[in-house]
Amino acid sequence: MGIEFEIKFRATEQAQAAIRAAYPVAYRGFRMETTYFDTVDFALSDRKITLRRRLENGEAVCTVKTPIQGYGRGEWECRCEDITEGIGELCKLGAPRELLVLTGPGVVPVCGAAFSRLAGVVEFDGAVLELALDDGVLMGGGHEIPLREVEVELKSGSPEAAVAFAELLAARFALQREEKSKFRRALALAKGG
């Protein structure tokens, strides 16, 4: 199983600029256009499973995320244009077979996100971390809300180092933890919340 370990913060434009100045690593730019899928009866989101198809600079990537303890999530990704084909490929990669059963009746787009990401690699206390700065919108139910956040994702090393770096960022740049994923916030919009 792939495990994603990340910590998110709400941020201002000024905080993101200050972080870039404080950590002048080689940032890469991405344009992200995400569509989140679920069954018509929300069988996936009710089980805290996230299924998405994202265009990353125009290249399609299908992803499924499943809950685990703490800051982590199970995560599997494959390059695939079609979400239905992607589900099969994700299960071949080790995603829970339950996904095939739950999505058997089909999936529909329920919400989305469109944002720009600047991502760079930072080393901290023996860990390799991706520092990502996101700016865009979350969409659902015909509504949009702004998205501006900072993510710290562990690529290698100890989770404790990632948490320590994230806490350092939060204190230094007055960042507030974002407890909900992009999907959960966009889904709330889609459901009228």
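Each value in this text was obtained by applying a stated rule to the coordinates, not by laboratory testing. Note that the structure is a prediction, hence the values are computed from the model and not measured. Positions of Cβ are backbone-derived with ideal geometry, glycine not excepted, and every protein chain shown enters the neighbour counts.
Values computed for the structure shown
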{"read-out": "Hydrodynamic radius of segment 27-137 per Kirkwood, over alpha carbon pairs, in Å", "value": "15.1"}
{"read-out": "Taking segment 79-168 and dividing mean pair separation by its residue count, relative contact order in percent (alpha carbons under 8 Å, at least six apart)", "value": "21"}
{"read-out": "Whole-number Å³ per residue for the convex hull built on Cα positions in segment 3-190", "value": "113"}
{"read-out": "DSSP H segments from the chain that extend 15 Å or more along their own axis, Cα-based, with Kyte-Doolittle mean of 0.0 or above", "value": "159-173"}
{"read-out": "Computed label-point distance, nm, for sites Lys191 and Val128 using a 7 Å Cα→Cβ extension", "value": "3.8"}
{"read-out": "Cα-Cα over 18 Å, subset of Lys8/Lys92; Lys65/Lys191; Lys65/Lys182; Lys48/Lys180", "value": "Lys8/Lys92; Lys65/Lys191"}
{"read-out": "Dipole-positive endmost among Ser156, Gln14, Cys78 within segment 3-190 (Cβ charges, Cα centre)", "value": "Gln14"}
{"read-out": "Lys/Arg +1, Asp/Glu -1 at C-beta; the chain dipole; positive extreme among Ile68, Gly120, Pro24", "value": "Ile68"}
{"read-out": "Calculated [θ] (222 nm, deg cm²/dmol) that DSSP helices of n ≥ 4 give over the chain, each run adding -39,500 (n - 2.57)", "value": "-7500 deg cm²/dmol"}
{"read-out": "Which of Gly142, Pro96, Ile49, positive extreme of dipole for segment 3-190 (C-beta unit charges)", "value": "Gly142"}
